[in-house]
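Worksheet for the structure shown next.
The values are calculated or read from the model by the stated rules, or taken from the named source; none is laboratory data. What you see is a predicted model; the values in this text were computed from it and never measured. Methodologically, a virtual Cβ is constructed for each residue, glycine included, from the backbone with ideal geometry; neighbour enumeration extends over all protein chains shown. The protein model used for the area step is the full one, side chains on, heavy atoms only, and it has no ligands, DNA or RNA in it. Shrake-Rupley method; radii C 1.70, N 1.55, O 1.52, S 1.80 Å.
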Amino acid sequence: IQPNETEKNLEKIIKIAQSKKIGIILAGMLAPTSYGKEYKKNFDQIYLKLSKKYDIKLIPFLLEGVAFNSSLNLSDGMHPNKEGTVVISKTLKKSILMYVK
């Protein structure tokens, strides 16, 4: 999926949630370098751009501490294993507790 399509889809979701007064914490992702520099550049800016545009909280990179840590990923090197999901859940919990009052 091209970055502009991903951005449009996320923007639709944000608008629907905001119209229903649902709080949002946007969990950012980064593209792998294997997709090329231009793709990565365009993709990596999506989450920060949308969080600023819609004034919503942002977790800059959901896989922080998990990505590139082989002990926290499946054999494909990209998707978290059971232990990796525990790290991600702690990141989410921290953000929820920080932003939700």
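Brief remarks on what is shown
- Top-ranked residue in segment 54-82 [being free of Cβ contacts under 8 Å to residues at least 24 places away in the same chain and open to solvent by 100 Å² or more (accessible area, probe 1.4 Å); ranked as nearest to LYS21 (Cα to Cα)]: ASP55
- Single residue of LEU48, LEU58 found to be closer than 23 Å to MET98 by Cβ, at pLDDT 95 or above and part of a strand (DSSP E or B): LEU58
Okay, residues lined up against (1) touching a residue at least 12 places away in the same chain (Cβ under 8 Å); (2) not charged (D, E, K, R):
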{"position": "PRO3", "(1), (2)": "yes, yes"}
{"position": "GLU7", "(1), (2)": "yes, no"}
{"position": "ALA31", "(1), (2)": "yes, yes"}
{"position": "TYR35", "(1), (2)": "no, yes"}
{"position": "LYS49", "(1), (2)": "yes, no"}
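- Residue that is surrounded by the fewest Cβ atoms within 10 Å (Cβ to Cβ), among those in segment 1-40 that are of a type in the set (Lys, Arg) and within 19 Å of MET78 (Cα to Cα): LYS37
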